[in-house]
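One structure is given below, encoded as C-alpha cells.
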Amino acid sequence: MTTRTLNHARLNRRQLVTMAAATAGAWWLPRSAWSQARWSHNPFSLGVASGSPTHDSVVLWTRLHVDLPLGAGVGREPITLRWELAHDEQFTRIVQQGQAAALPELAHAVHVEVQGLEPDRWYFYRFMTGDALSAVGRTRTFPMPDAVVSSLRLAYASCQKWEDGYFSAWRHMREENPDAVMFLGDYIYEYPGKSSKLRVPTGGWVLTLEDYRRRYALYKGDPDLQAMHAACPWLMTWDDHEVQNDYAGQQAGNSGPADPSSAGDFLARRAAAYQAYYEHMPLRTSVLTQAVAGLGQGAEMRIYRRLPFGRLASLYLLDARQYKDPQACTPDGRRGSGRVNPQQCPQWNDPKRSMLGAMQEQWLGQELARQGSTQVTWNVLGQQTLLGQRDFRPGPGQLLWNDGWDGYASARTRLTDALRQHRVSNPVFLGGDVHENWVGHVLADYAKPASPSVGVEFCGTSITSRSGGNAKLAERLAENPHFVYAECERKGYGVLEFTPRQLNTTLRVLDDVTRPDARIETLARFAVQSGRPVIERV
Ligand SMILES: [Fe+2]
C-alpha cells in the first residue's frame with residue numbers, strides 16, 4: 001500500500017487510523033524534499049489550534065494549505081514539518097520540539113499529541129516547514145484531577161453560519177482571556193453559496209470529502225476565528241451541520257427541497273464529513289481508534305469524553321447527534337425535524353428511544369456514578385441543544401420540537417434520574433443549536449411544574465446563525481416557567497467563571513452581527529451558588 005495509491009481515495013477506517021497515528025506521535029520521520037521548500041505562499045494560512053487538554057498533555061493542530069497554485073505535485077506529497085513548544089512567546093525556553101508528517105491522505109493536517117507537560121500552566125507553540133513559520137499559538141494544560149483549584153474561566157459558543165454574519169464574536173472572546181473554549185456544534189454549515197446572503201460561501205452543496213475540506217478551509221481562513229483558536233485550547237463537540245441538517249444517527253436529515261443528498265449514500269457522506277472534521281479539529285487520534293475497537297461501524301467517531309479540571313470541575317463533552325434515534329412523528333412523513341403534538345405521537349415516550357445511544361449512555365452513567373463519590377464541585381455537561389422542555393403552544397396542549405431533548409423525553413428523564421441517583425454535585429448544562437439564549441432550571445420531571453430543580457442550564461445563542469426573534473418571547477417564557485431568562489435575537493457567546501463557591505455566567509452579545517467591526521456588550525449576568533441549583537439574575 002503506497003501513499004500514491006491511497007491518494008484521493010477515501011480511506012477505510014483502519015487506514016485512516018494508521019495514518020492518523022503516524023502523524024500524532026512525535027516520531028522522527030525522514031525529511032522530504034519539501035521540508036526545505038521555499039514557499040510561494042503562506043502554507044499556514046488556515047492557522048493553528050490546540051485542544052483536548054489533560055493535566056500533562058495537549059493536542060497541537062495545523063493544516064498546511066497546499067491546494068494553491070505553487071507548482072506540480074506538492075498537493076500529493078507528504079510534507080515534513082517541525083513544531084516547538086516553549087514557556088515563552090519568543091521561544092527562548094523550548095520545552096519540547098519534534099517533527100511530524102503532514103500527509104495528503106489527511107489533507108496535510110497535523111495533530112501532535114504532546115505528552116509529559118507540567119499541570120496547570122500555559123505554553124506557546126508554533127510550526128515550521130521549509131522557510132515558512134506559523135502564527136504562535138498559546139495553550140495550557142489543565143490541573144491535576146485531584147488538585148485544589150481556585151477558578152476556571154470557560155467560554156462557550158456554537159453555530160457559526162458563514163452566510164449570516166461576521167465572526168467578530170471570536171475577536172471579542174479573545175479579550176475575555178478564557179482558560180478554554182467549549183464549542184457546542186455547527187462549526188460549518190453544508191449549504192451552497194447564495195448571492196442573496198451577507199457573505200457567500202464558496203462552492204455548492206457540501207457532499208464529498210473534498211467539499212467538506214474546502215468548506216472547512218473557507219471557515220478556517222477567517223482571522224478572528226484563527227485568533228481565538230490560537231488563544232487557548234478548545235473542547236469540541238459537534239451537531240448536525242458538520243454533516244447535514246437534522247441528520248439523526250445513521251439516518252439522513254433534510255436540508256430543504258433543493259438538497260441533493262437524498263439520492264446519495266448517506267453513510268458514505270457521513271464518513272467523509274467525520275474524516276474532514278477530524279482533519280480540521282484539535283482532536284486526539286483516539287477518537288478514531290476507540291471507535292474502531294467499538295461498534296465496528298466504519299463511520300463512527302467517538303468524540304464524547306470527560307475532562308477533569310482539578311477538583312473544581314469535570315467538563316463533559318457529549319454527542320447527542322451521532323447515535324440518536326430518528327426524530328419521531330415529523331409532520332407529513334418528512335425526514336428531519338418538526339414541531340409535534342406528543343399526544344398524537346405514539347413513539348414519543350418510547351423508553352427505547354435514545355439521544356446518546358446505548359454505549360454513550362452507559363459510559364455517562366458510569367462517569368456520573370464516579371463523580372458522585374468524588375469531591376468535584378461543578379459538573380459541566382456540554383452538549384448540542386436545549387435540554388429543558390420548551391412548549392410552543394400557549395395554554396392547554398403541547399407543541400414540542402422533536403429534534404431536541406423534548407423529542408427524547410424518556411432519555412432526558414434517564415439522564416436527570418442518573419444525576420439524582422448518583423448525587424452528582426452542581427450539574428451545569430451548556431447547549432447551542434437554537435441560536436437563542438435560554439437560561440433555566442433543569443427539572444426532575446417536566447410534567448410537574450413544582451418538581452425540584454436538579455441543575456441549571458445555559459443554552460447559548462449563535463456566533464452568527466439566524467434566529468426567529470423576540471416577538472413571542474414573553475408568551476414562551478410564561479408557558480415554560482422553568483426558564484428564568486431568554487433572548488432570541490442577539491448573537492455572541494457566554495463566559496462561565498467557576499470558583500469553589502459560585503458560578504458567574506455572563507452572556508455577551510454583538511451590537512450588529514452583519515458588521516465586521518461589531519462591538520460587544522453584556523446582555524445579562526447570572527449567579528449560581530454551589531450546593532443550590534437556583535439561578536439568580538445579578
Ligand atoms: Fe446551528
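The values are calculated or read from the model by the stated rules, or taken from the named source; none is laboratory data. What you see is a predicted model; the values in this text were computed from it and never measured. We place every Cβ from the backbone using ideal geometry, glycine too, and count neighbours over all the protein chains shown. Note: accessible area is taken over every heavy atom of the protein model, side chains too, but ligands, DNA and RNA are not part of it. Shrake-Rupley method; radii C 1.70, N 1.55, O 1.52, S 1.80 Å.
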For the stretch 459-538 and the stretch 169-225, distance of Cα centres in Å = 22 Å
For the chain, the longest principal axis of the Cα atoms and the Cα long axis of helix 409-421 enclose an angle in degrees, to the nearest 10, of 90 degrees
Cα-based helix-to-principal-axis angle, 358-372 vs the chain, degrees rounded to 10 = 80 degrees
Accessible area expressed per residue, the chain, with surrounding protein chains retained (probe 1.4 Å, Å²) = 38 Å²
Relative to the longest principal Cα axis of the chain, at what angle does helix 209-220 sit, 0 to 90 degrees, rounded to 10?
-> 80 degrees
Which value in Å is the Kirkwood Rh of the chain over different Cα pairs?
-> 23.7 Å
In whole Å, how far is the Cα centre of the stretch 355-400 from that of the stretch 95-162?
-> 29 Å
May I ask for the Kirkwood hydrodynamic radius of the stretch 332-405, worked out over all distinct Cα pairs and given in angstroms to one decimal?
-> 15.1 Å
Theoretical gain in end-to-end length, THR514 to LEU133 [0.36 nm per residue, Cα-Cα removed] = 133.9 nm
Within a Cβ distance under 14 Å of GLU163, other residues only, what is the Lys/Arg minus Asp/Glu net charge?
-> +3
Send over the Kirkwood Rh of the stretch 287-390, from the inverse of the averaged 1/r over different Cα pairs, rounded to one decimal Å.
-> 16.0 Å
Accessible-area composition of the chain, carbon plus sulfur, in percent [1.4 Å probe] = 50 percent
Are any of the pairs LYS194/LYS324; LYS324/LYS352; LYS197/LYS491; LYS161/LYS352; LYS161/LYS197 more than 22 Å apart by Cα-Cα distance, and if so, which?
-> LYS194/LYS324; LYS161/LYS352
